[in-house]
Structures are given as structure tokens and as C-alpha cells.
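What follows draws every value from the coordinates through simple rules; no lab data is involved. Keep in mind that what you see is a predicted model, and the values were worked out from it rather than measured. Glycine gets a Cβ as well: all are built from the backbone with ideal geometry, and neighbour counts include every protein chain shown.
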Amino acid sequence: MDASSTFSLLRGRAWFVFTVAATLLAACPLSVLAQFPQVNVGETTVTGVSQTFLGALGIDFFGGIPFAQPPVGNLRFAPPVLLDTPATEILNATQFGAPCVQFNVAGVSEDCLTLNIFRPSGVSSNASLPVMLWIYGGGFLQGVSSVFNASGIIAQSVLRGTPVVYVSINYRVGPFGFPQGTEADTRNAVNLGLKDQLIGLQWVKSHIGAFGGDPEKVTIFGQSAGAISIADLYLNSGLENFVRGAIFESGSAGTLPFFNASRRDVVWDKYVSEVPACANATEGDTISCMQSVDTASLLTAWEETAASFPEPFLFVPVLDGPDGLVPDLPSKLLAAGKFSKIPFIAGTVLDEGTDFTPTSISTDEQVIEFITVDDQPFADPPASFQTDVASLMQLYPDNPALGSPFGTGNETFGFSSQYKRAAALLGDASFQGPRREWIQAASSAGVTTFGYHFTDQNAVTTPSKGVTHAIEIPYVYGQTALTSPNPAVRLLSEAMVDYWISFAVSLTPNDGKGLNKTIWPQYQPDQQVLLKFDTGSFVQNATTPTFAIIPDDYHAQQIGFINSVAGDLGE
């Protein structure tokens, strides 16, 4: 598979996820009321809109609230600057703000550092409700907060007697959020998307009280790149100053390999060369030129650059030194106990790797190329790397019955068996292994943690993908509880929303409110267990969801090896 095809695959995969999310999450049974709630933030009156959910429950929405100065001009490719209060006396916050610049999304803008708030109608400014703050995923390539409608979460929080406030934050993606190279590192211009999130959290801490939220009871949650972001912020950001709990859905700090920014000098040089106005810019001072170029030229240059390299994730978080957000490889920091001790839930779905694996893979050589693409052509891998790869190929034999989608036997869906082999390997190396390493390290350090594994076959829409990456999102947002024709599936979704809200309210998924359901045991060094989200254990016509508690030992040999060589893999 050439670089252009790889990029198209990943970009298309991300767009498919967003399209599904938009279809499911934007289809809430809402009707707009002729009411426009107002909140004072400093000297600004923020005007939102009230809606009814299922014709009864009132929900207020405030969208597109700026939390940072527009990152344009001299602030492009630069750390975000807090906008403590909006610059206008009246802010129309009845719609979502523009998405950050990316591919295949309408209405994008660089002026995108905004946040959105859902809350129960009638909440007073002194209500001090727990806050659930969402960070979107999208491989650091894309991300659109407007496709995540939190009305289902708000409604269930009210019905169970534990109302919450929900916030979603925009952050820059691609080269706008994650510039690469020595120059960006020297100018403190790396990991900007993570810094956007921190500034958003700072704004929430200062102002969520005006919307009825408690700034001391914030739980941050996200999926894929959103979860990776949160995990990265655990490493050296002071995240504990802004949140008291976290939920990681399919993402850990080791999900993508980490390198120094200088490793991708060649990527940044290529990016600059694709911008005609800056092609002859002085080496080491290209950002000044790039700050004056129109957005469309930068977007075109991004696409040309991405198509030139085999590695799909070119613009991502990097190591940024002892005083940075990510001072060292996550595996080293975890082993040394150098991370925030914030309680969390962390989990994965069964077939994490299928959505990222080309179905055209058909040979051993292509599997090796696929799993090692992150290490070429930018730097020489460690001497042990080839030995590690050989061991991985032995641990993941070309046997379709052992491949992903798991549990599908010798079925290959019309593809080579190597597709299932590569998907199994990628899923374990990028998601299952890092999640296990992360939760084991945290629980050993005394952090309160809970783990899950989502395996329900009712969620499958494409058999060759299985229970694939991002498939649990509509369950967590409560949309599956409303739309599925299967009562068991609706019950599963309701239970997941219940657990998530419970954790946000009380730092345990077992607050005794809402559904009568399985007690979720804490993950501990002497009790390494996961809650298995699956309807297979439900009795017929169940109204009380019962979930299996399983040991966290699936693929023990394979994942054990992966985690033992995490440093070689840049994790």
C-alpha cells in the first residue's frame, strides 16, 4: 500500500466514524422551545437555547463559547492564549462553533477554540453539579464536537436523580495543532492541541460555576485520540488542578509511538515546501512565513505532505522535554510512577485494530511493513527492533481462527487471512497492551481504577470489522438506548450511561442510583478484573443488566511481550 492510499484509508476511516456519530448522535428527539436562557460570564451575557427531550425534559444548550484568542496571524502555530471572558457584551451561543481546520468537514475555521455546554433547564448558578467534559477523537487528523449531542446523558442524569453538566471542547488538529520538527520545538510550538485542551479546562474551572457546574467536580472523558490526549495530560501537565476523574475509551498514552519533534524535520520541511509562498523561506524561520499564508494553502499543503509519507499519523503529540507535557516515553514514566494519580475508568472494544488495517494485506512482508511503518523513513530503529518484529510475527501466526475480528473462526470475509493477523497484532500493540500497562501501573500506585472490555456482537454493523473501534460511542451517549430495536441492547446502553454518570458524580461507577445492575469491582494489583459489556449474559426480557466479571488476561503472552518491549516501539 503506497503512502497516498494509506492516507486516504485513514482519512476515510475517520470520516466514516464521524458520519456514523453524526447520524446517531444528532438524531436526538429534541424540540426547540421559545426560551433563551442567559448566563453572565464576566461582563458578557451568554444566550443559549432551551430544548425538550422526549417531549418532557428541558435541556439548555450553549454553543460556540470562545475560551482562547483566535489562533490566527501571530497566534497560528503558537500556544493558545486564554480568553477569560468573551470580548462582546452579548454572545449568541445558540449554535455550535466552527470545527477546526481539517478535511471533509464543512464550515471549518482557524477561529475554532470554543466550547459547548449542555445542562438541565432551570439550573441555578449555585447548583454545583458535577461536570462531564468530552474530548473528541479522530486520530489527531479530525474532530467535530457538534456531532456529539449530550441530551441523552443529561436526561438520564436527571432521571436517576444525579443531574450533571456536560462540556465539549474544540482543539486544533493536524499541523495546526501538532506542528513537527526542530523549529517548532524551539519555538514551544509542539503539542498545541493538548495545550488547547488545558486552556479550555482552565476556562471551565473559572466559569463553569455560572452555568451551574462545580469546578471541583470535573470528570474528563474521551475516545481514541480524545482518550490518548487525556492520558498524555496525565504525564506532566498538572491535570489534577482541573479534573478529579477521567474515563478513557480506546486510547492510552502508548497508543501512538512517541518521538522527539526533530525526528520529523523531514515532514515539516516537506509541508513548508508545498506552500508556494514559503518554499524558499529561511531554514529555521519558516513558521513566521507560514503565519501569513491563507488557510486554504496550508490545508492543500497538508494533504500533499500526508500523501508523501507511509506513516499515517504525521502530526501528533511528541516528546517535548523535562518541562514539557510529555517529558519521556509513557512506559518509562509509568514504571517510575510519574503520572497524575487521578481516579479513572479505562477500557477497549474487542476488535480495536480492524478499522485501521488495510484489507489488501496478503503477505508476511506486508504485515511487517504495516506494523513498522511508524519507524521509517525518519530514523533508525533500535538494534533490537528487528528481533522484536520477528517475535511478534511468531506470537501472531497466520491463522485466521486466532485473528481479528475475534471469534469468527476461519472466516476471512473474502480477504487474505493476513488481514485478520495484522488486525489482531495492531489492536493489541496499539490499544489492548497500552491499556493494560496503564491500568496496572496506576492500580499498583494506589490509584482508584476500573476497567472494561466491550464485546457485544449486537453492535457489529460490518462483519469484517467486528466489534470495531468507536462502536461504543452511541452506547455511551445514550443514543442506542433510544434507537435500538433490541431491548437487551437498549438496556446495555442505559447501563453504560449509568456507570459513566455515576463515576462523574461520585468517583465510583457503583453509586446505587439508576438501574439495578452488576457491581463493578475496582481493578487492583491482586484483583485484575474487567467488566465485560455484553448482552450475552442477560436473561430473556431482562430489566436488570448482569455483566460478567472477567480476568484481565486475554492474549496474556502476546500482550506481555508487547509491553516488555514498549520502549523499542516508542511507547
- Rounded to the nearest 0.05, FRET efficiency between Thr412 and Ser109 (Cβ-Cβ, R0 51 Å) equals 0.70
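Could you tell me whether region 288-366 comes out rounded, prolate or oblate from its Cα gyration tensor? Rule is a ≥ b ≥ c as square roots of the eigenvalues, rounded for a/c under 1.5, then prolate if a/b exceeds b/c, otherwise oblate.
Values: a/c = 2.25, a/b = 1.15, b/c = 1.96.
Note, shape of region 288-366 comes out oblate.
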- Query: Summing Lys, Arg as +1 and Asp, Glu as -1, what charge do residues with Cβ under 12 Å from the Cβ of Ser537 carry, Ser537 excluded?
  - Reply: 0
- Message: What is the sum of charges, Lys and Arg at +1 and Asp and Glu at -1, for the other residues whose Cβ falls under 10 Å from the Cβ of Ile287?
- Response: 0
- Task: Report the charge-dipole magnitude of region 349-564 in Debye, nearest 20, computed about the Cα centre from +1 at each Lys and Arg Cβ and -1 at each Asp and Glu Cβ.
- Result: 780
- Task: Give, rounded to the nearest 20 debye, the magnitude of the charge dipole that the chain has about its Cα centre when Lys and Arg contribute +1 at Cβ and Asp and Glu contribute -1 at Cβ.
- Result: 1660
- Message: Quick check: pseudo-label points 7 Å beyond the Cα along Cα→Cβ at Ala383 and Lys338, how many nm apart are they?
- Response: 2.6
- Please go through the residue pairs Lys205/Lys341; Lys205/Lys532; Lys465/Lys532; Lys270/Lys332 and name each one whose alpha carbons sit more than 23 Å apart in this structure. Lys205/Lys532; Lys270/Lys332
- Message: When the expected Rg is taken as 2.2 N^0.38 Å, what fraction or multiple of it is the alpha-carbon Rg of region 472-531?
- Response: 1.20
- Note on the structure: Within region 86-116, the residues whose backbone N lies under 18 Å from a label point placed 7 Å from the Cα of Glu43 along the Cα-to-Cβ direction are 86-92
- Note on the structure: Taking the dipole of the chain about the Cα centre (Lys, Arg +1; Asp, Glu -1; charges at Cβ), the one of Leu530, Ile59, Asn280 that reaches farthest to the positive side is Ile59
- (1) 38, 28, 23; (2) 38, 31, 20; (3) 34, 31, 21: which one is semi-axes √(5λ) of the Cα gyration tensor in Å as calculated from this entry? (3)
- Task: Mind checking which of Ala470, Gln432, Leu482 is farthest towards the positive end of region 349-564's charge dipole, using Cβ charges of +1 (Lys, Arg) and -1 (Asp, Glu) about the Cα centre?
- Result: Leu482
- Item | Positive-pole candidate from Ile199, Ser168, Gly181, dipole of region 161-287, charges at beta carbon | Ser168
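May I ask you to compute the full-extension gain from Ser564 to Thr94, defined as 0.36 nm times their residue separation minus their alpha-carbon distance, rounded to one decimal in nm? Mind dumping the intermediate values first?
Values: separation 470, 0.36 × 470 = 169.20 nm, distance 5.02 nm.
Value of the extension gain: 164.2 nm.
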- Going by a ≥ b ≥ c, the root eigenvalues of the Cα gyration tensor, does region 43-128 fall in the rounded group (a/c under 1.5), the prolate group (a/b larger than b/c) or the oblate group? oblate
- Task: Rounded to the nearest Å, what's the spacing between the alpha carbon centres of region 487-509 and region 157-188? Just the number, please.
- Result: 24
- Message: What whole-number distance in Å separates the alpha-carbon centres of region 278-321 and region 43-58?
- Response: 41
- For q = 0.16, 0.18 Å⁻¹, what log10 I(q)/I(0) does region 349-564 give under the Debye formula with an equal point scatterer on each alpha carbon and no solvent? -1.13, -1.29
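Compute the signed sum of charges (Lys and Arg +1, Asp and Glu -1) over the other residues within less than 14 Å, Cβ to Cβ, of Asn486. The partial results should precede the final answer.
Values: positive: Arg490; negative: Asp456, Glu494, Asp534.
Combined, the nearby Lys, Arg, Asp and Glu give -2.
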- Item | Value of [θ]222 nm, deg cm²/dmol, for the chain, DSSP H segments ≥ 4, -39500 (n - 2.57) each, nearest 500 | -9500 deg cm²/dmol
